[in-house]
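What follows is a set of notes on a single structure, which appears directly below.
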Amino acid sequence: MLELISQAAVRIKPDAGNLLDIGSGAGNNTISILRLLPGLNCDLVDLSLPMLERARERLSRENAGEVRIFHGDFRNAALPTLRYDIVIAAAVLHHLREDADWESCFRKIYDLMKPGGVFLVSDMVWSGSPALHNLEWERYGTYLEALGGAGYPEKVFAYIEKEDSPRSVSYQLDLMKKCGFKETDVLHKNACFAAYLGIK
C-alpha cells in the first residue's frame, strides 16, 4: 500500500510543498513520496526519538527540503495550522481510543492542512458488520498462522485487544466529512487493512 499511497499523494497534490508524517517511524512513507516529489519540506512526528533520528538520517540522503522532527504524541505536538499539502498516517490511528479522541485528532489534522490538501491513511480497520468482521478476522488469523505458527494468531489478537481500537473505513470517512473534508475515497481494502483518503 506504500506505493499506492505515494502515487495518490502525487496525483492529487503534484505541486505540494509541505508534508506531515504522523507516526513516521523510520520515514518509509515520507521517503516514498519524496522520491516522486523531490524538494518537499517534511515534518515527522513519532513517539520514538530513535526512530525519528533514524528517519532524519535517512532523509538526509534524499532530495528533501527542510526536515523537522517532533518527538511525542501527535495530539500534543505544536504544529503550524494551514501548512500541509500532504498528511500521512500509516499504521497509527488504530491506537486512538474513544470517539472524542478520534474526532479531535481528525479536526486537528484538518486544521493543519491547506485547502486542497490530501490526508492519506493506511491502517488496520474493523468492519461495521459483526459478520464481516468475523470473516475478515478469520482470514487474518489464517495469514498469521502461516506466518508464525499455530499459537501466533492468539498472541497477535490478544495484543490488539489490549492496545488497539480500530474503527471501520465507513466510520473514518464519515468523520472526515464531519470535520470538513470535501471529498473522501477508498484506495484499497483487503480484509482488515485498508488505505483511504480525505481532500480538504
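Structural remarks
- Computed [θ] at 222 nm, helices only, for the chain once each DSSP H run of length n ≥ 4 contributes -39500 (n - 2.57): -13000 deg cm²/dmol
- Accessible area (Å², per residue) of the chain, counting only protein heavy atoms and a probe of 1.4 Å: 49
- Using only side-chain charges placed at the Cβ, +1 for Lys and Arg and -1 for Asp and Glu, the dipole size of the range 27-176 relative to its Cα centre rounds to 540 debye.
- Whole-Å distance, taken between Cα centres, linking the range 31-59 and the range 89-155: 22
- Label sites at Leu132 and Glu3, each approximated as a point 7 angstrom past Cα along Cα to Cβ, lie 2.7 nm apart.
- Legend: residue pairs Lys114/Lys189; Lys13/Lys108; Lys162/Lys200; Lys108/Lys162; Lys155/Lys178, Cα-Cα distance threshold 30 Å; pairs beyond threshold, Lys162/Lys200; Lys155/Lys178.
- Principal-axis analysis of the Cα atoms of the chain puts helix 169-179 at an angle of about 40° to the longest axis.
- Rounded to the nearest 20, the Cβ-based charge dipole of the range 94-198 about its Cα centre (Lys and Arg +1, Asp and Glu -1) stands at 360 debye.
- In the chain, the longest principal axis of the Cα atoms and the axis of helix 152-163 are about 60 degrees apart.
- Relative to the longest principal axis of the Cα atoms of the chain, the long axis of helix 2-12 lies at roughly 50 degrees.
- Net lengthening on full extension, Arg58/Leu36 (0.36 nm per residue, minus Cα-Cα): 6.3 nm
The values are calculated or read from the model by the stated rules, or taken from the named source; none is laboratory data. From a predicted model like this one, the values you see are computed outputs, not experimental measurements. Using ideal geometry, Cβ is built from the backbone for each residue, glycine included, and neighbour counts are taken over all protein chains shown. When the accessible area is computed, the model is the full protein with side chains, heavy atoms only, and any ligands, DNA or RNA have been set aside. Shrake-Rupley method; radii C 1.70, N 1.55, O 1.52, S 1.80 Å.
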